[in-house]
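*Asks:* Have a look at this one before I ask anything.
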Amino acid sequence: MILILGGTSEARALAAALVDRGDDVLSSLAGRVGDPALPAGRVRVGGFGGIAGLTSFLIENRVEAVIDATHPFAAEISANAAAATAATGSPLIRLVRPSWRGRPESGAWTWVDSVGAVLDVAPDAARPFLTTGRQSLAVFLPWADRGVVARVVDPPELDVPPAWTILRSRGPYALAGERDLMRRHAVDLLVTKDSGGTLTEAKLAAAADLGIPIVVVARPPSAAGLATVADVLAALHP
Ligand code: NAP
């Protein structure tokens with residue numbers, strides 16, 4: 001059985017391709033979002049219980065290979081997958097969408113190493129557009145009095161300051177819509193993680209068109225020596 005650690009569009013595309021060719025596939029989701037898009041094939045939901053839990057899971061379910069197709073910022077599950085597969089000797093492939101760092105325009109963006117560091121580099125933003133996800137919103141509470149516009153998939157768990165606007169939607173997004181949104185809300189800063197890939201890239205071009213500065217949170221480092229592929233086809237024929 002092949003275990004896909006999922007929660008991304010790449011993981012769903014991979015599951016579909018593997019199921020299509022007749023492989024025995026199990027996709028694993030963390031269970032964070034209320035109404036997840038479900039991959040083809042078998043699915044399990046919820047944490048494994050750290051490295052020890054994942055190691056036992058691999059042994060008990062005779063997992064032949066693990067494909068870590070989680071989001072580039074899901075650092076804990078990726079580290080656990082690296083440790084658990086090292087313990088069991090199972091092959092591990094990392095499927096991760098290409099970073100935005102290689103793009104020519106990325107030199108014009110302000111790069112920071114953590115979501116918290118965004119507060120230090122944008123002291124004057126009055127209407128920052130936050131696209132770093134629901135779980136990062138608490139970090140921005142020092143900006144409670146600013147006209148924050150935050151886009152999230154599920155409702156925030158914290159009490160949102162009255163000055164903030166919460167927009168709920170799920171990508172992909174198109175350029176015209178992103179430009180309209182930023183104009184409508186008079187956004188003066190775009191804050192994003194280096195999620196990479198194409199699904200949510202339109203906001204970068206929209207902000208550039210409107211002259212809005214961009215702050216990008218860099219990816220956490222991945223396990224050294226890991227076989228990494230950038231697309232589903234490469235994951236099928238590593
Ligand atoms: P994380 O911090 O790396 O993981 C925290 C814990 O959640 C893990 O230790 C594990 O619990 C459990 N977990 C995470 N992914 C799992 C999976 N695919 N299957 C089973 N358990 C999983 O993860 P996160 O950043 O909260 O992300 C959670 C999920 O959302 C991931 O699957 C990721 O692909 C997806 N996602 C994340 C982001 C993001 O920006 N972080 C964006 C889009 C989608 P145990 O230790 O108990 O095994």
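The values are calculated or read from the model by the stated rules, or taken from the named source; none is laboratory data. For clarity, every value in this text was computed on a predicted model and none was experimentally measured. Cβ coordinates were reconstructed from backbone atoms using ideal geometry, including for glycine residues, and neighbour counts include every protein chain displayed.
*Asks:* Take the stretch 200-238 and flag every residue that is of a type in the set (Asp, Glu) and more than 12 Å from ARG94 (Cα to Cα). Spell out the reasoning first.
*Replies:* First, pick out the residues of the stretch 200-238 that are of a type in the set (Asp, Glu): 201, 209, 231.
If the condition is that a residue be of a type in the set (Asp, Glu) and more than 12 Å from ARG94 (Cα to Cα), then GLU201, ASP209 are the ones that fit.
*Asks:* Among residues belonging to the stretch 40-60 that are away from the ligand (no atom under 13 Å from the Cβ) and either free of Cβ contacts under 8 Å to residues at least 12 places away in the same chain or assigned to a loop (DSSP other than H, G, I, E, B) (or both), point out the one that is farthest from VAL96 (Cα to Cα).
*Replies:* Filtering first and then ranking leaves GLU60.
*Asks:* Right, another one. Can you work out which of the residues in the stretch 137-188 that are among the β-branched types (Val, Ile, Thr) and in a loop (DSSP other than H, G, I, E, B) is nearest to ALA205 (Cα to Cα)? First the steps, then the outcome.
*Replies:* To start, the set of residues in the stretch 137-188 that are among the β-branched types (Val, Ile, Thr) comprises 139, 148-149, 152-153, 160, 165-166, 187.
Of the ones still in play, those that are also in a loop (DSSP other than H, G, I, E, B) are 148, 153, 160, 187.
Working: VAL148: 20, VAL153: 21, VAL160: 28, VAL187: 14 Å.
Within the stretch 137-188, the match that is nearest to ALA205 (Cα to Cα) is VAL187.
*Asks:* Within the stretch 19-37, can you find the residues that are at pLDDT below 95 and either buried (at least 16 other Cβ atoms within 10 Å of the Cβ) or closer than 22 Å to SER169 by Cα (or both)?
*Replies:* GLY31, ARG32, VAL33, GLY34, ASP35, PRO36, ALA37
*Asks:* Right, next: Scan the stretch 138-150 and report the pairs whose first residue is basic (Lys, Arg) and whose second residue is not in a helix (DSSP H, G or I), with Cβ atoms within less than 9 Å and a gap of 6+ or a chain change.
*Replies:* That search, which allows pairs on different chains as well, returns ARG146/ALA125; ARG146/ALA126; ARG146/ARG127; ARG146/PRO128; ARG146/PRO161; ARG146/ALA163; ARG146/TRP164.
*Asks:* Determine which member of the set THR70, THR85 is of a type in the set (Val, Ile, Thr), surrounded by 18 or more Cβ atoms within 10 Å (Cβ to Cβ), in a loop (DSSP other than H, G, I, E, B) and at pLDDT 95 or above. Even if it seems obvious, please write down each step before you answer.
*Replies:* On the way: THR85 fails: in a loop (DSSP other than H, G, I, E, B).
Checking each option against the conditions leaves just THR70.
*Asks:* With the condition kept exactly as written, say whether any residue in the stretch 165-184 is surrounded by 14 or more Cβ atoms within 10 Å (Cβ to Cβ), acidic (Asp, Glu) and under 23 Å from the mean Cα position of the chain (by Cα).
*Replies:* yes
*Asks:* Shifting gears a bit: Does ALA75 qualify as being surrounded by fewer than 20 Cβ atoms within 10 Å (Cβ to Cβ), more than 25 Å from ARG168 (Cβ to Cβ) and within 21 Å of the chain's Cα centre (by Cα)?
*Replies:* Numbers: surrounded by fewer than 20 Cβ atoms within 10 Å (Cβ to Cβ): yes; more than 25 Å from ARG168 (Cβ to Cβ): yes; within 21 Å of the chain's Cα centre (by Cα): yes.
Yes; evaluated as a whole, the condition is true for this residue.
*Asks:* Which of (1) near the ligand (Cβ under 10 Å from one of its atoms); (2) in contact with a helix residue (DSSP H, G or I) (Cβ under 8 Å, 6 or more places away or on another chain); (3) assigned to a loop (DSSP other than H, G, I, E, B); (4) among the aliphatic types (A, V, I, L, M) does ALA37 not meet, given it meets every other one?
*Replies:* Evaluating ALA37 over (1) near the ligand (Cβ under 10 Å from one of its atoms); (2) in contact with a helix residue (DSSP H, G or I) (Cβ under 8 Å, 6 or more places away or on another chain); (3) assigned to a loop (DSSP other than H, G, I, E, B); (4) among the aliphatic types (A, V, I, L, M) leaves (1) as the failure.
*Asks:* Taking the stretch 189-238 on its own, how many of its residues are modelled with pLDDT of 95 or more, in a helix (DSSP H, G or I) and of a type in the set (A, V, I, L, M, F, W, C)?
*Replies:* 7
*Asks:* Can you find, within the stretch 120-136, the residue that is modelled with the lowest pLDDT among those that are assigned to a helix (DSSP H, G or I) and surrounded by fewer than 19 Cβ atoms within 10 Å (Cβ to Cβ)? Show your work before the answer.
*Replies:* Taking the stretch 120-136 first, the residues assigned to a helix (DSSP H, G or I) are 120-121, 134-136.
Those still in the list that are surrounded by fewer than 19 Cβ atoms within 10 Å (Cβ to Cβ) too: 120-121, 135.
Values: ASP120: 96, VAL121: 97, GLN135: 93.
Applying the filter and picking the extreme gives GLN135.
*Asks:* Quick test of your reading of the structure: HIS71 fulfils all but one of (1) free of Cβ contacts under 8 Å to residues at least 40 places away in the same chain; (2) within 11 Å of the ligand (Cβ to nearest atom). Name the failing condition by number.
*Replies:* Status for HIS71: all satisfied but (1).
*Asks:* VAL63 - would you say it is out of contact with any Asp or Glu (no Cβ under 8 Å at 6 or more places or on another chain), β-branched (Val, Ile, Thr), surrounded by fewer than 21 Cβ atoms within 10 Å (Cβ to Cβ) and not in a helix (DSSP H, G or I)?
*Replies:* Numbers: out of contact with any Asp or Glu (no Cβ under 8 Å at 6 or more places or on another chain): yes; β-branched (Val, Ile, Thr): yes; surrounded by fewer than 21 Cβ atoms within 10 Å (Cβ to Cβ): yes; not in a helix (DSSP H, G or I): yes.
When the stated conditions are applied, VAL63 passes them.
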